[in-house]
Structures are given as structure tokens and as C-alpha cells.
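The values are calculated or read from the model by the stated rules, or taken from the named source; none is laboratory data. Being a predicted model, the structure only gives us computed values, none of them experimental. Heads up, the Cβs are rebuilt from the backbone with ideal geometry, glycines too, and the neighbour counts pull from every protein chain shown. Ligands, DNA and RNA are excluded from the accessible area calculation, which covers all protein heavy atoms including side chains. Shrake-Rupley method; radii C 1.70, N 1.55, O 1.52, S 1.80 Å.
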Amino acid sequence: MGTRAIRAIVTGAVQGVGFREATRRRARELGVMGWVRNADDGTVAVHAEGPPAAIDALIAFLREGPRGAAVLDVDVHDVKVEGHEQFAIRGVSAGAFVVQQHAATARHFDLRLEVAGVMRSWAVPNGASLDPAVKRLAVEVPDHAIEHNAFEGPTEGGAVIVWDRGSYEQGGRVPWPQAMERGHAVFVLHGEKLRGGFALQRTRGGRDPVKAQWLLVKRRDEHARPGSDIVAEQPASVLSGRTLAELLGEAP
């Protein structure tokens, strides 16, 4: 029978009534993969792929809607199959993220994402970039406690500032944490400096959770800034407004 993929836009009173969760449950019952998310214009967007009969059943569900919804229309278009391995709710926070700039043996940035109650961490020597053409080395380091996210100040032999922080969404076609185990994780940052889609791609180290090497890359979206250098443009802490050099007493 093959696989059919569709994008659907559902209009009406469809946000805030459990529409996304009901859609996820129905999709999983049908064995359909993809995602559902609330759009900024008040509609609900759905990407779904699976056996044609299952897709037809999901479309029928979208036209009816769960209890409390009032569906006015469902606009459906066939699209290319993307190979999703889950049906996820997009646009919801997966937890906190923080980027701390650290002066120790060498100066670097630490990117941390909250996963399963801890902060999965990568040392990024040159910091993140908003330029999709730039690939940053990110070396995986031991997990950190969430309680350390707000730490800023002197350390033994150095100092730390909170360069950026906020929340993030898990993305991609593969569910987390399997995506990280496979070595390709897609996510969306909602920070004060870093925003939009990013990807971590493991390049060396296999599944060794420490010292594995990854590449951190900005995805092409409305938050991408080709040719920019966000690290140089905005060096100060989002907590105190101080730079690392000022904290170390190096600033003129």
C-alpha cells in the first residue's frame, strides 16, 4: 500500500481544548507518525505519514475534533514522506537550556540542555553561531545538575558567566533520548541571544557519553543570521551584564 504523507491546517476553536494531545493519541492508535503544533494564527498544523487508510482515518478525526473543539475547516495537502519515527507535539518546552562562558585552563562555552532531570553538556570552544554555514566543535562532557544553571562568579583559577539561557523544544524525526543515542539531535532554542533551530551531530567517539565530539550547527530559519558573530556582538552575561573579562579583572 505504501506510505502517504500529508500536511493539514485545522481552523476553528481548536487551540486550548486538548486538540494536540487528542491528535497525538489518535495518531498513535492508528500507527501514524509525524507531529502536531499550535500555529501563531490560531490554527493547528499537522504533519502525518503512514498507511493511506490510517491517514484517511486521522483526517476524519481532525474534521470532527475532540470534545470541546469546534472545527471549521481542515485544509489537507499531500507532501513528501520525511521518515518520522514518532508522533510528537511540537512547540512545547522540553526544559531549560543554558550557555555558560567559562575561563579555566582554556576559555570556552558550555552548552547545557535539560534531559531526563539533568543537564546534558557540551564544551563549545568558540561558542554557538547564528550563521548556518558555521559548524562549531562541541565536545561532550559529564552531565551537570540543574541547580548549577544560574551559577555565575569566580571559580578556582577562573570564572563563569551565564552567557545565555531560556527554554528549548525537542525536534527532529526521532524521539529523544534515542536521537542523542544515535548521534543526531535537533532542537529549538528560546533564549535571549540564541533562538531558532539547531542541530548536534556526533562525528567521533561513538556512544561514549564523555569526550564524544559533535558539531553544533544553526538550522536555516527566520532566526538565522548569515555572516554574524553573536559571541563577539553580545559578550555580556544575561544575568549581570558583565563580561567574562570584567569578572576576571581584565577589562580596561
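For region 1-89, the share of alpha carbon pairs falling in successive 5 Å distance bins from zero is 3, 16, 30, 28, 15, 6, 1, 0 percent. Contact order for region 81-151, expressed relative to its length and based on alpha carbon pairs under 8 Å spaced 6+ residues apart, stands at 22 percent. Dipole size of region 49-102 about its Cα centre, with +1 on Lys/Arg Cβ and -1 on Asp/Glu Cβ: approximately 260 debye, rounded to the nearest 20. Principal-axis analysis of the Cα atoms of the chain puts helix 19-30 at an angle of about 70° to the longest axis. Adding -39500 (n - 2.57) for every DSSP H run of four residues or longer, then dividing by how many residues the chain holds, sets the calculated 222 nm ellipticity at -4000 deg cm²/dmol. In a simple Cβ point-charge model (Lys, Arg +1; Asp, Glu -1; nothing else charged), region 116-252 has a dipole of about 700 debye relative to its Cα centre. Calculated FRET efficiency, V118 to R28, Cβ-Cβ distance, R0 = 35 Å: about 0.80 to the nearest 0.05.
Of the residues S129, S93, the one with the largest accessible area comes first in the ranking S93, S129, computed with a 1.4 Å probe on protein heavy atoms. Peptide packing: for 178-185, 147-154, the average count of neighbouring Cβ atoms within 10 Å per residue gives the ranking 178-185, 147-154, highest mean first. The dipole here belongs to the chain: it is taken about the Cα centre, uses +1 on the Cβ of Lys and Arg and -1 on the Cβ of Asp and Glu, and is about 620 debye.
Projecting the Cα atoms of S121, V17, P51 onto the charge dipole of region 4-122, computed from C-beta unit charges around the Cα centre, puts S121 farthest toward the positive end.
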